[in-house]
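One structure below.
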Amino acid sequence: MFNTIAVIAVIVIAVSLAAVLVIAATRPDTFRVARSTSIKAPPDAIFPLIDDFRNWSAWSPYETKDPDMKRSFGAITKGKGAEYAWEGDRNVGSGRMEITGAATPSKVALDLHMLTPFKADNVVEFTLQPESDATNVTWAMNGHVPYFAKILHMFFDMDRMVGRDFEAGLAKLKAAAER
C-alpha cells in the first residue's frame, strides 16, 4: 500500500514538473513593463530629473529601499554616456546604468545591467509627451527572458512587482516636478 502511494506521488510530482517545464518553454522570449502618469509640468521641468543621475535620489523608488546602498557615478552624470552604479542589499541588488540616448526634453534611454540578485541586461526608456497643461511620462523596461526566468515568471508576476516600483517612482517624480 505504502509503495503504491509513493509511486503515485512520484508520478504526480514528475508530471507536474514536466508540465511546468513545457509551459515555461512556450512563454515569450521578451518582456516589457511600462507605467505612465500625467505630471502638471512642462517636459523641460521634468527632463533634468531623469537625465541627470544625481537627481534620481529625489524620485527613484530604489534609492530608499536600502539606506546603506553604495553609489558611484561616472565622470559624466547627465546626458548620453552618463553612468551610475550601485551595490546594495537583496532589495536593490547591484548593477549599473548608462544613458544611451537623451533627446531633450522628450526621451531618455538607458542600458540597465543587473549583476545581482540575477544577471540581466535590459533597456529602460522614459518618454515625455506634452498634453495641454501637463506631460505624460512613461517609464518602460524591456529585455530578453532566459529559460530559467520563464520558469520564475510562472510563479512571480514581474509586471506587478516591477510595475509597483515604477508607479511609486512616477508618483515621486510627479511630486518633485510639480513643486
>> For the range 25-57, which positions are closer than 21 Å to Met161 by Cα, surrounded by fewer than 18 Cβ atoms within 10 Å (Cβ to Cβ) and not β-branched (Val, Ile, Thr)?
In response: Arg27, Pro28, Asp29, Arg32, Ala34, Ser36, Ser57
> In the range 96-117, what residues are closer than 18 Å to Val145 by Cβ, in contact (Cβ under 8 Å) with a residue 24 or more places away in the chain and in a strand (DSSP E or B)?
Replying inline: Leu112
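Determine whether the range 133-141 contains at least one residue that is free of Cβ contacts under 8 Å to residues at least 40 places away in the same chain and either of a type in the set (Gly, Ala, Ser) or crowded, with 17+ Cβ neighbours inside 10 Å (or both).
No, the range 133-141 has no match at all.
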>> So, Ser106, is that one touching a Pro at 6+ places or on another chain (Cβ under 8 Å), surrounded by fewer than 17 Cβ atoms within 10 Å (Cβ to Cβ), polar (S, T, N, Q) and at pLDDT 95 or above or not?
In response: yes
> Quick one: in the range 118-128, which of the residues that are in a strand (DSSP E or B) and without any contact (Cβ under 8 Å) to a residue 40 or more places away in the chain is nearest to Tyr62 (Cα to Cα)?
Replying inline: Val124
>> For the range 117-130, give me each residue that is modelled with pLDDT of 95 or more and surrounded by fewer than 14 Cβ atoms within 10 Å (Cβ to Cβ).
In response: Asp121, Pro130
>> Need the failing condition index for Arg32 against (1) at pLDDT below 95; (2) assigned to a helix (DSSP H, G or I); (3) within 23 Å of the chain's Cα centre (by Cα), just the number.
In response: (2)
>> Can you pull out every residue in the range 68-88 that is assigned to a loop (DSSP other than H, G, I, E, B), charged (D, E, K, R) and surrounded by 14 or more Cβ atoms within 10 Å (Cβ to Cβ)?
In response: Lys80
> Quick check, is Val137 modelled with pLDDT of 95 or more, assigned to a strand (DSSP E or B) and more than 18 Å from Glu98 (Cα to Cα)?
Replying inline: yes
> In the range 123-139, what count of residues is obtained for those that are more than 24 Å from His113 (Cβ to Cβ) and charged (D, E, K, R)?
Replying inline: 2
> Applying the selection to the range 1-24, what residues are closer than 22 Å to Asp159 by Cα and either surrounded by fewer than 10 Cβ atoms within 10 Å (Cβ to Cβ) or within 17 Å of the chain's Cα centre (by Cα) (or both)?
Replying inline: Val22
>> Out of everything in the range 63-75 that is farther than 12 Å from Met97 by Cα and more than 20 Å from the chain's Cα centre (by Cα), what residue ends up being modelled with the highest pLDDT?
In response: Ala75
>> Could you check the range 65-102 and list, in sequence order, the residues that are among the small types (Gly, Ala, Ser), in contact with a helix residue (DSSP H, G or I) (Cβ under 6 Å, 6 or more places away or on another chain) and within 15 Å of His113 (Cα to Cα)?
In response: Ala82
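The values are calculated or read from the model by the stated rules, or taken from the named source; none is laboratory data. Because the structure is a prediction, the values reported are computed rather than measured. All Cβ positions, even for glycine, are placed from backbone atoms using ideal geometry, and neighbour counts span all protein chains on display.
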